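One structure below.
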Amino acid sequence: MSLTFDFLLERAACLVRPGRRALLGITGSPGAGKTTLAERLTCTLNGDGEPWVAHVPMDGFHLADAELDRLGRRHRKGAPDTFDAAGYAALLERLRGDEDGIVYAPSFERTLEQPVAGSIPVPPGARLVVTEGNYLLLDRGTWPCVRSHLDEVWFCDLDEPERVRRLVARHEEFGKAHEEAVTWVLGTDQRNADLVAATRRHADLVVPQAAMPRPEARP
């Protein structure tokens, strides 16, 4: 039997147990469809009723450009050491245990290419938190602390030509010229993609392209 999106919905919902909040991680190389899958899971599971699933991206823990400039890392923004991995792990730990009030998480504004603090509210009624990012399965530095707070981690396995095409288009959408976008994708992004691809074997589930929803066209 081939893996389908309906199967993913059922598996995600089954992570929730009485009396505890579940955390599902979705990982994969840049452009692999992590955000699209996380958003579609969240929206479909919530339906038209009271929201019980929240989406908290890892990208809110990008270091600000000013700090990347200070550290001399802005030219490789998106690499593992350009994120606050410890802060991300601490938020996941809090989400796991804090159910009495709203927990606020940061988001990432792609137009500004900057994190925005306190912009994602996770209410007490959220029984499942879906989080997504490149390095959920990375086994170095502080990243293993991230994995320790997640019930499962799924790996988005998009065909490489399609992944590169989508990533170039995304960079162009947010302001890069075509040549600049291609250079960044085949340079900085590809080095990160190779690093992430090596973590695939640690995933609880590998999600093939056929089971992933396609990105919706932006107006």
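Normalised by the residues of the chain, what does the relative contact order come to in percent, with Cα pairs under 8 Å and at least six apart?
Values: 355 pairs, mean separation 71.7, N = 219.
With pairs under 8 Å counted, the relative contact order is 33 percent.
Return the percentage of antiparallel bridges among DSSP beta bridges fully within the stretch 72-219, rounded to the nearest 5 %. Don't skip to the answer; put the middle values down first.
Numbers: 6 of 10 bridges.
In the stretch 72-219, DSSP labels about 60 percent of beta bridges as antiparallel.
Specify the angular offset, from 0 to 90 degrees and rounded to the nearest 10, of the alpha carbon long axis of helix 160-173 from the longest principal axis of the alpha carbons in the chain. The answer is roughly 80 degrees.
For the chain, the longest principal axis of the Cα atoms and the long axis of helix 85-97 meet at an angle of about 10 degrees.
Calculate, in nm to one decimal, what Arg94 and Val16 gain on full extension: separation in residues at 0.36 nm each, minus their alpha carbon distance.
Details: separation 78, 0.36 × 78 = 28.08 nm, distance 1.68 nm.
Result for the pair: 26.4 nm of gain on full extension.
In the stretch 99-172, the alpha-carbon atoms span a convex hull of 143 Å³ per residue. Of the two radii for the stretch 171-219, the radius of gyration is 1.07 times the Kirkwood radius, both from the alpha carbons; that is the Rg over Rh value. If you look at the Cα atoms of the stretch 1-67, you get an Rg and a Dmax of 14.3, 50 Å.
In this rough spin-label picture, where each label sits 7 Å from Cα along the Cβ direction, the Tyr104-Asp69 distance is 2.6 nm.
Among [x] 121; [y] 174; [z] 130, find the value of volume of the Cα convex hull per residue in Å³ that was calculated from the structure presented, and write down its label. Of the labelled values, this structure produces [z].
Computed from the Cβ-Cβ distance with R0 of 22 Å, the FRET efficiency linking His178 to Ser119 stands at 0.10.
Just so you know, all these numbers are worked out from the coordinates, no wet-lab data involved. Given the structure is predicted, the values throughout are model-derived calculations rather than measurements. Glycine gets a Cβ as well: all are built from the backbone with ideal geometry, and neighbour counts include every protein chain shown.
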